[in-house]
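Working notes, structure below.
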Amino acid sequence: MHLSDPSHNRSIIPVEDLNDLYENAPCGYLSLLPDARIAKANRTLATWLEYEPAELPGKLMTDLLSMAGRIFFETHVRPLLRMQGFFNEFAIDMMTKTGNRIPVLANAVERRDEAGGALFTRLTIFRAIDRRRFERELLNARAAAEAARQQSEQLRVLTEASLKAERETAELREQFIAVLGHDLRNPLASLSAGARMMLKVKSPEEAVKFEAMMQNSVARMAKLIDSVMDFARGRLGGGLTLGERVFQALEPVLDQVVAELASAHPERAIETHFELGTPVYCDAPRIAQLFSNLLGNAISHGAPDAPIRVEGQVRNQSFQLSVANAGQPISEKAMERLFQPFYRGEVRPAQQGLGLGLYIASEIAKAHGGTLAVTSVQDETRFTFRMPLAPPVL
Amino acid sequence: MSVAKRNNVQVRGSGPRAMVFAHGFGCDQNMWRFVAPEFERDYRTVLFDHVGAGHSDLNAYDPVKYASLQGYADDLLEIGRELRLENAVFVGHSVSAMIGALASLQHPAMFESLIMVGPSPRYIDDDTYKGGFSAQQIEELLSFLEENYMGWSAQMAPMIMGNPDRPELGEELTNSFCRTDPEIARAFARVTFMSDNRADLPRVSARTLVLQCREDVIACQQVGEYVHKHIPRSELVLLNATGHCPNLSAPDEVVAAIRAFV
């Protein structure tokens with residue numbers, strides 16, 4: 001071996017055939033005229049696109065592109081080539097003669113004359129089927145990751161919210177037990193006092209007076225126990241149950257409730273306005289209970305110097321009953337929990353109750369296929385109960 | 001944020017009247033680089049980038065506002081009011097032709113004449129109208145833009161390469177042309193190709209010039225004729241240029257047609 005002999009090397013390196021390099025290069029070559037018509041294309045590209053090489057010159061570049069590719073070519077590739085003379089590494093979809101799509105990557109450069117006018121645009125084109133598939137998978141993975149992140153975020157928010165609600169309910173339940181104990185102890189103490197007094201009565205009149213006081217305490221305790229039972233049934237047994245429902249004229253029922261509360265609170269003015277000609281299909285004692293809870297609330301929470309306004313009417317096949325009182329509006333925060341069990345608002349020391357009144361009222365409304373809603377603005381808080389006149393036709 | 005900064009407004013030239021140039025989908029005010037300078041001697045030329053394109057303020061992009069062409073028309077009106085434009089000439093390419101029409105409907109005194117380069121009031125065909133695309137093809141375009149994310153990113157990257165053929169462009173190249181945020185470009189494509197302004201055309205009162213290219217795959221000749229037929233005081237000029245961007249491929253022809261009209 002005479003490595004230093006140049007003639008030796010020359011003899012084993014074949015001369016590159018530039019025409020063959022052009023035609024059969026491992027990439028596509030394409031030359032476009034300024035009007036984007038094809039001037040020349042190599043055999044490699046023609047083969048990829050399923051054309052005979054001679055078929056391509058004269059066609060428009062856009063004829064070889066997918067619809068999206070055409071728009072991209074016209075709105076991005078051509079303008080950029082004119083402005084900066086080149087555009088590298090752009091992805092575009094080409095179409096074969098038989099309508100198959102080939103994703104490609106291309107570089108393009110504009111060949112210009114002395115005055116800057118375009119002579120040719122030259123493109124080198126690489127098939128990018130695997131690359132584009134990979135890119136698509138990357139995009140899908142990115143979208144999936146984003147979706148998973150959002151889902152876990154949603155889950156976190158939900159978990160936090162339900163945890164918070166659970167914690168608040170537990171707190172309220174503890175309060176409830178304390179209040180129940182406290183509220184039962186009062187009438188119990190007065191019963192015990194009444195029993196002791198009975199031993200010392202001097203006349204039957206006195207006995208009647210003590211008996212009435214004791215009955216009053218018993219009634220209060222019975223009411224508390226009823227509320228607890230209603231709550232337990234509502235919570236544990238899939239909703240509050242109603243007794244027998246019949247078509248009932250409600251005006252006397254409501255009048256009775258007003259009379260009871262008015263006699264217990266003679267200092268408060270209650271204005272009523274009833275238009276209740278048509279009977280309503282309902283469990284009347286439950287409706288009375290609902291009304292009594294609403295009216296009782298209005299008396300405890302409303303401004304003492306302003307009248308409570310009660311309106312009841314039958315209109316458009318529905319029965320509507322509203323109780324409005326003046327005074328401080330209910331805070332937005334309180335609104336959220338108003339109809340939940342054990343909620344007692346900002347209770348003043350003198351006020352009693354288990355925080356079940358509105359919960360039970362709304363359960364009664366639901367059991368009648370109705371709704372209980374509240375609006376509270378400066379100067380007026382109004383609870384409105386609505387229910388259909390007749391049972392739904394099955 | 002001033003309107004001038006938001007839309008990268010560039011005012012040049014001098015003259016009693018103003019000529020406003022608006023770019024279409026895919027590029028920025030560079031689209032007018034071979035046309036606008038020709039009018040600087042006789043007109044105050046106003047160029048700007050739609051929000052999301054070129055050197056506009058990307059933070060000003062509001063997906064709700066720009067979910068319809070009206071959002072872009074409102075920007076144009078704001079630019080016009082800021083510059084106290086009256087009896088100006090509006091030159092809009094592609095989708096901006098319709099943006100100009102919307103602005104002119106709202107404020108007819110601002111533009112005495114409208115020049116529409118490759119306009120289309122509706123890209124999608126229906127029973128009686130041929131816009132050039134089926135709804136499916138437009139969906140294909142939008143998903144192509146989605147899939148071509150990598151391509152968009154590459155386009156976003158600054159192109160710092162020199163240009164031996166045109167050294168005078170060297171400095172500008174460091175900023176690259178037609179930069180678009182890919183997300184915004186996708187949204188703009190949707191607004192553009194889903195738009196339907198056919199009903200607005202008969203209400204356009206400004207005198208209007210429609211410049212139509214040959215072999216334009218985006219706004220074909222039939223569409224240009226439709227625009228001419230439905231805008232009352234309009235003229236149609238068929239250019240020799242091919243494609244969708246005669247402002248770049250045949251600026252001389254475009255300049256001559258505008259001059260002849262104004």
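Points worth noting:
- Among (1) touching a residue at least 12 places away in the same chain (Cβ under 8 Å); (2) open to solvent by 10 Å² or more (accessible area, probe 1.4 Å); (3) within 14 Å of chain A (Cβ to nearest Cβ) - the single one B:Phe193 does not satisfy: (2)
- The number of residues in the stretch B:201-234 being in a strand (DSSP E or B) and away from chain A (no Cβ under 14 Å) comes to 7.
- Scan the stretch A:146-180 for residues that are free of Cβ contacts under 8 Å to residues at least 24 places away in the same chain and open to solvent by 60 Å² or more (accessible area, probe 1.4 Å) and the total you get is 22.
- Hits in the stretch A:202-213 (condition: of a type in the set (A, V, I, L, M), at pLDDT 85 or above and open to solvent by 40 Å² or more (accessible area, probe 1.4 Å)): A:Val208
- Odd one out for B:Gly100, checked against (1) part of a strand (DSSP E or B); (2) touching a Gly at 6+ places or on another chain (Cβ under 6 Å): (1)
- Filter result for the condition that a residue is at pLDDT 90 or above and either within 59 Å of the chain's Cα centre (by Cα) or farther than 22 Å from B:Arg214 by Cβ (or both), over A:Arg82, A:Arg37: A:Arg37
- For the stretch B:108-134, filtering for residues that are at negative phi and open to solvent by less than 10 Å² (accessible area, probe 1.4 Å) leaves 13.
- Any hit, the stretch A:93-107, residues being within 14 Å of chain B (Cβ to nearest Cβ) and open to solvent by 80 Å² or more (accessible area, probe 1.4 Å): yes
- The listed residue being over 18 Å from the mean Cα position of the chain (by Cα), aromatic (Phe, Trp, Tyr), within 18 Å of B:Leu211 (Cβ to Cβ) and more than 14 Å from chain A (Cβ to nearest Cβ), out of B:Tyr129, B:Tyr43: B:Tyr43
- If you go through the stretch B:51-97 and pick out every residue that is small (Gly, Ala, Ser), open to solvent by 40 Å² or more (accessible area, probe 1.4 Å) and not in a helix (DSSP H, G or I), you end up with 1.
- Within the stretch B:10-29, the set of residues being open to solvent by less than 30 Å² (accessible area, probe 1.4 Å) and either within 27 Å of A:Gly116 (Cα to Cα) or part of a loop (DSSP other than H, G, I, E, B) (or both) comprises B:Met19, B:Val20, B:Phe21, B:Ala22, B:His23, B:Gly24, B:Phe25, B:Gly26, B:Cys27, B:Asp28, B:Gln29.
- Selection from the stretch B:252-262 of residues that are over 15 Å from the mean Cα position of the chain (by Cα) and assigned to a helix (DSSP H, G or I): B:Asp252, B:Glu253, B:Val255, B:Ala256, B:Ala257, B:Ile258, B:Arg259, B:Ala260, B:Phe261
- Pairs are defined by a Cβ separation below 8 Å, a sequence spacing of at least 6 or placement on different chains, a first member in the stretch A:50-61 that is more than 14 Å from every other protein chain (Cβ to nearest Cβ) and more than 10 Å from A:Ala39 (Cβ to Cβ), and a second member that is open to solvent by less than 60 Å² (accessible area, probe 1.4 Å) and of a type in the set (Gly, Ala, Ser); the pairs so defined are A:Glu52/A:Ala46; A:Pro53/A:Ala41; A:Pro53/A:Ala46; A:Glu55/A:Ala46.
- For the stretch A:116-130, the criterion of being under 29 Å from B:Ala135 (Cβ atoms), without any contact (Cβ under 8 Å) to a residue 12 or more places away in the chain and more than 10 Å from chain B (Cβ to nearest Cβ) is met by none of the residues.
- For the stretch A:231-273, the tally of residues that are open to solvent by 80 Å² or more (accessible area, probe 1.4 Å) and at pLDDT 85 or above stands at 7.
- Among the residues examined, A:Met197 does not qualify as under 30 Å from A:Ile360 (Cα atoms), open to solvent by 40 Å² or more (accessible area, probe 1.4 Å), of a type in the set (A, V, I, L, M) and in a helix (DSSP H, G or I).
The values are calculated or read from the model by the stated rules, or taken from the named source; none is laboratory data. Given the structure is predicted, the values throughout are model-derived calculations rather than measurements. Cβ coordinates were reconstructed from backbone atoms using ideal geometry, including for glycine residues, and neighbour counts include every protein chain displayed. The protein model used for the area step is the full one, side chains on, heavy atoms only, and it has no ligands, DNA or RNA in it. Shrake-Rupley method; radii C 1.70, N 1.55, O 1.52, S 1.80 Å.
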